[in-house]
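First comes the structure, then the notes that go with it.
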Amino acid sequence: MSSSPSVAANLSNDARKGLAILSLSKAEPIAHLADREGVSRQFLYRQKQKAVEALDEAFAARDNDILFHLPVTEGWLSQLTLALILVCHSSYRGVKELLRDLFNISISVGTIHNRLQSAARQACAINRSQNLSAIRVGLHDEIFQGSMPVLAGVDAASTYCYLLADAEHRDADTWAVHLLDANAQGFDPDHTIADAGQGLRAGQKTALADTPCHGDVFHIQKQCESLANVLAQVAMGATSRRKALDVKMDAAKENSRGNTLSTPLMLARQTEQQACQLARDVKTLVHWLAHDILALAGPGLADRQGLFDFIVAELRQREHLDPPRIRPVRTALEKQRDDLLAFAGVLDHKLACIARDCDVPALERPPKKRLGGRDIPLWRGAGSRQFSHRCRPRDRGKLLMNAKSLAATVLVGIL
């Protein structure tokens, strides 16, 4: 059949696209498609080529295409300088090299510093105008820039940093001055959370006398973990020394001189046994403290206090075995107990409010067992499962009798 130019000339754009797609699909030969549509094969080849070129154009790499035109002004360069330092954490000299290599702009380190100081003054003015009355819980700590202390305050809900001031000192007066400045902006939280720093707490007591300061559990947990790790290293050292004496003893026995090392080997074994037992006991107590007393999920405040006192008492009974290491941790725990467990009181209050609002009965207090002269609560839930698991005497060594009784009673109460 001869092609009809009029048919091809009168085809719409959509029809041409359809023919191009059919040609690319190779569902049927071009000759058959041309006969059916009444067009020439050359026409179909041209439409197919156009489609191929369009696809190549659509998927071609555009690395050299201009995405947009950016007017580089002095203001934009200042913004770039701030972004490189504050967002990318670049050094002054890194900013200087980037501007030189990419923009062919020469700038001194002093100019970069001056731009940062100018931006900092503007930021301070903006910060001083903020209303801080919406902050209900403040997080306070001391960080360091080199050897320079930096006083920091963060809103617990929004992570907004309302205090970030470098100071020569971190004593009570310095903290009080900055907290009074924040109080003038409406800062009056329900409570704050901080570590046991004396200057920080004394400064808050001066500036915010009626605001309680709860304890930060992070620092005390790190201190306890450090104690457990050090005692584990001491135990490993005692084991290494005992093994070395075993080797020497074997050599001495071959020369019939084993009696010369009998006493040192006996003392080394006793030291190893005592060090390993102490390390295991302290590690177990530290696990109980972290996962069952200071963890968010757990019993009420009164029950946590009883368990906390149990941990302190156990540390006190082992204190004579290594006073320089155990006494500071035990003393810190004793002094900070109420502050560290203050969060549990907040949880109890919120749970009671939820129960009242939902018109459901409040949680009943768990039963208690009297062990070792003290009442030990038995509770059920995630915390109790962790507590019972860690209280199993298996592979824990020879704990004191009250610790064994506590482990058995908790396990029986759960099962």
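Put in line by how crowded their Cβ is, counting other Cβ atoms within 10 Å and starting with the fewest, 288, 76, 175 read 76, 288, 175. The string of couplings for segment 334-349 from the Karplus curve (6.51, -1.76, 1.60, θ = phi - 60°) is 4, 6, 9, 3, 5, 5, 5, 9, 4, 4, 5, x, 5, 4, 4, 5 Hz, one whole number per residue in order, with x for Gly and Pro.
What the Cβ-Cβ distance of residue 316 and residue 89 gives, at R0 = 41 Å and to the nearest 0.05, is a FRET efficiency of 0.30. For segment 44-128, the Cβ-based charge dipole about the Cα centre amounts to some 320 debye (Lys, Arg positive; Asp, Glu negative; other atoms uncharged).
Simple spin-label estimate for residue 160 and residue 42 gives 7.5 nm between the two label positions (7 Å along the Cα-to-Cβ direction from each Cα). Multiplying the residue separation of residue 124 and residue 295 by 0.36 nm and removing their Cα-Cα distance gives an extension gain of 57.8 nm. Charged neighbours of residue 22, selected by a Cβ distance under 15 Å, balance to +4 (K, R count +1; D, E count -1). Each residue, residue 274 and residue 309, gets one label point 7 Å from its Cα in the Cβ direction; the gap between the two is 3.0 nm.
Extension gain, residue 68 to residue 352, is 96.4 nm, computed as 0.36 nm per intervening residue step minus the present C-alpha separation.
Give the percent of DSSP beta bridges with both residues in segment 116-210 that are antiparallel, rounded to the nearest 5. Please report the intermediate quantities before stating the final value.
Numbers: 13 of 16 bridges.
Bridges in segment 116-210 that DSSP calls antiparallel: roughly 80 percent.
Using only the Cα atoms of segment 5-59, build the gyration tensor, take square roots of its eigenvalues as a ≥ b ≥ c, and label the shape rounded, prolate or oblate: rounded if a/c is under 1.5, else prolate if a/b is larger than b/c, else oblate. Cα axes put segment 5-59 in the oblate bin.
Quick one: net charge around residue 264, please, counting Lys, Arg +1 and Asp, Glu -1 for every other residue with C-beta under 15 Å from its C-beta. Numbers along the way, then the final one.
Details: positive: 241, 242, 243, 248, 253, 257, 269; negative: 246, 250, 272.
Local net charge: +4.
Among the listed pairs 248/283; 205/335; 283/350; 222/243, those with a Cα-Cα distance over 29 Å are 248/283; 283/350; 222/243. First measure r as the distance between the Cβ atoms of residue 150 and residue 240, then evaluate 1/(1 + (r/R0)^6) with R0 = 41 Å and state the FRET efficiency to the nearest 0.05. In this case the efficiency is close to 0.45.
Where Lys and Arg each count +1 and Asp and Glu each count -1, what net charge lies around residue 85 among other residues with Cβ under 14 Å from its Cβ? Let's see the in-between values first.
On the way: positive: 93, 96, 115; negative: 97.
Counting the neighbours of residue 85, the net charge comes to +2.
Prolate is the label for segment 74-127, because the ratio a/c of its alpha-carbon gyration tensor axes (a ≥ b ≥ c) is 1.5 or higher and a/b is greater than b/c.
The numbers here are math on the coordinates, done by the rules we state, and not lab data. What you see is a predicted model; the values in this text were computed from it and never measured. Positions of Cβ are backbone-derived with ideal geometry, glycine not excepted, and every protein chain shown enters the neighbour counts.
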